[in-house]
1. Identify the chymotrypsin sites (Phe, Trp or Tyr not before Pro) of region 242-283 meeting these criteria: DSSP loop state and at most 14 other C-beta atoms within 10 Å of the C-beta.
2. Ignoring ligands and nucleic acids, what accessible area does SER41 show with a 1.4 Å probe (Å², nearest 10)?
3. Show PHE152, PHE96 ordered by accessible area, largest first, where the area counts protein heavy atoms only and the probe is 1.4 Å.
4. State, to one decimal in nm, how far the label point of ASP181 lies from the label point of GLN227, with both points 7 Å from Cα in the Cβ direction.
5. If you find the alpha carbon centre of region 36-78 and of region 261-283, how far apart are they in angstrom?
6. When DSSP beta bridges are limited to those with both residues in region 48-147, what percentage is antiparallel, rounded to the nearest 5?
7. Give me the extension gain from GLU22 to ALA99: residue separation times 0.36 nm, minus the current Cα-Cα distance, reported in nm with one decimal.
8. Using packing as a proxy for protection, rank 67-74, 157-164 so that the peptide with the highest average count of other Cβ atoms within 10 Å comes first.
Amino acid sequence: MKSVTLALCLTALLAGPVAAQEAPTWSFAIHGGAGVIERASLTPSQDADYRAALKVALEAGGRVLADGGSALDAVQAAIETMEDNPLFNAGRGAVFTAAGRNEMDSAIMNGADLDAGAVAGLTHTRHPIAAARAVMERSPHVMLAGDGADTFAAADGLEQAPASWFFTERRWQGLLRTLRDQNLPIPARPEGVPVPPQQGAALTDQPGMPPLNENKFGTVGAVALDQSGHLAAGTSTGGTNAKQWGRIGDAPIIGAGTYASNADGCAVSATGTGEYFIRSTVARDICTRTAAGASAQAAGEAEIADVGSIGGDGGVVVMALDGVPGFAMNTSGMYRGSISSAHPAEVAIYGDEALRP
Ligand code: ASP
């Protein structure tokens, strides 16, 4: 035992003085969906487009935090940039239901007081994350769904957009392929959208558009630690392609896809097969693990192993009070990134890319 201690001391001495690593005063991390994302599935320009979009979102959140803004504001600012970017399955670019509609879900949570807001099945609100925040701050409720949620958002002054705003040809073609595979009826093309491309047109060649055979989820989320030491988390999604019957996933369910608690020392946003993430109460469980002393990374990995054991696929971003984010996934990739007072924006896509702790 003594010789082990001696060896460790010697190693430390030989390594020379170690600069004390200062904890960041603020820290921010995001995801843009997890799934089968391999180098072969993205062209160099698609890869670059995703990295650029992640950087835009990180810098939007990072700016808020660097200026002394709140974790909640940072989460909302970053997610809004991704909701406006058709690359992601949230807001503009959301997947379609089997009936040919975009029905979007979102949630936000404030770690300081466990306040939370969520919306499900929005069809016309441009920024679902803003609607979730409005529910949290300006309604007596935690979750609103369907037409009522849009009505509330509109009455709150949030921008409403026609179906054509959310429409992307890539997601529409993805819907048609799934419906044909499942022998389900094909809905009418939404009103006001551009004319369909010619039969056989190579949609994959559209600049910035990922391949149509992609099999990834595309939900977006953010977790933040602000300069006051408060945590917040938010998630926004179009859900799953060709969903039916008012299906709602984990993203807007507090404790499943989204959770934040200063007391537990964590903020979590998840992406993946929502039905499993709901049953595993993924986000809440991760906070139980950090409350018991696990790091963000260890808590995320343990929970992803658990949800994987019942069949779930996906990933999480986790923020802890020390400002060190965790990224865990059981898929081959997850669009992700981080930024903090200690380092500039860094992004990653594939599972084997490391982000600095
Ligand atoms: N978790 C989302 C859902 O089940 C989907 C995703 O993350 O891509 O609705």
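1. Details: sites: TRP245, TYR259, TYR276, PHE277; in loops: TRP245.
Answer by residue number: TRP245.
2. Surface accessible to solvent at SER41 totals approximately 40 Å².
3. On the way: PHE152 45, PHE96 0 Å².
From most accessible down to least: PHE152, PHE96.
4. With each label placed 7 Å out from Cα toward Cβ, I get 4.9 nm.
5. Centre-to-centre (Cα) distance: 20 Å.
6. On the way: 6 of 9 bridges.
So the antiparallel bridges in region 48-147 amount to around 65 percent.
7. Details: separation 77, 0.36 × 77 = 27.72 nm, distance 5.23 nm.
Contour length minus Cα-Cα distance gives 22.5 nm.
8. On the way: 67-74: 20.8, 157-164: 13.9.
Output ranking for 67-74, 157-164: 67-74, 157-164.
The values are calculated or read from the model by the stated rules, or taken from the named source; none is laboratory data. On a predicted model such as this, the values are computed, not experimentally measured, just so you know. When we count neighbours, we look across all protein chains shown, and the Cβ atoms used for this are built from the backbone with ideal geometry, even at glycine. Accessible surface areas use protein heavy atoms only, side chains included; no ligands, DNA or RNA. Shrake-Rupley method; radii C 1.70, N 1.55, O 1.52, S 1.80 Å.
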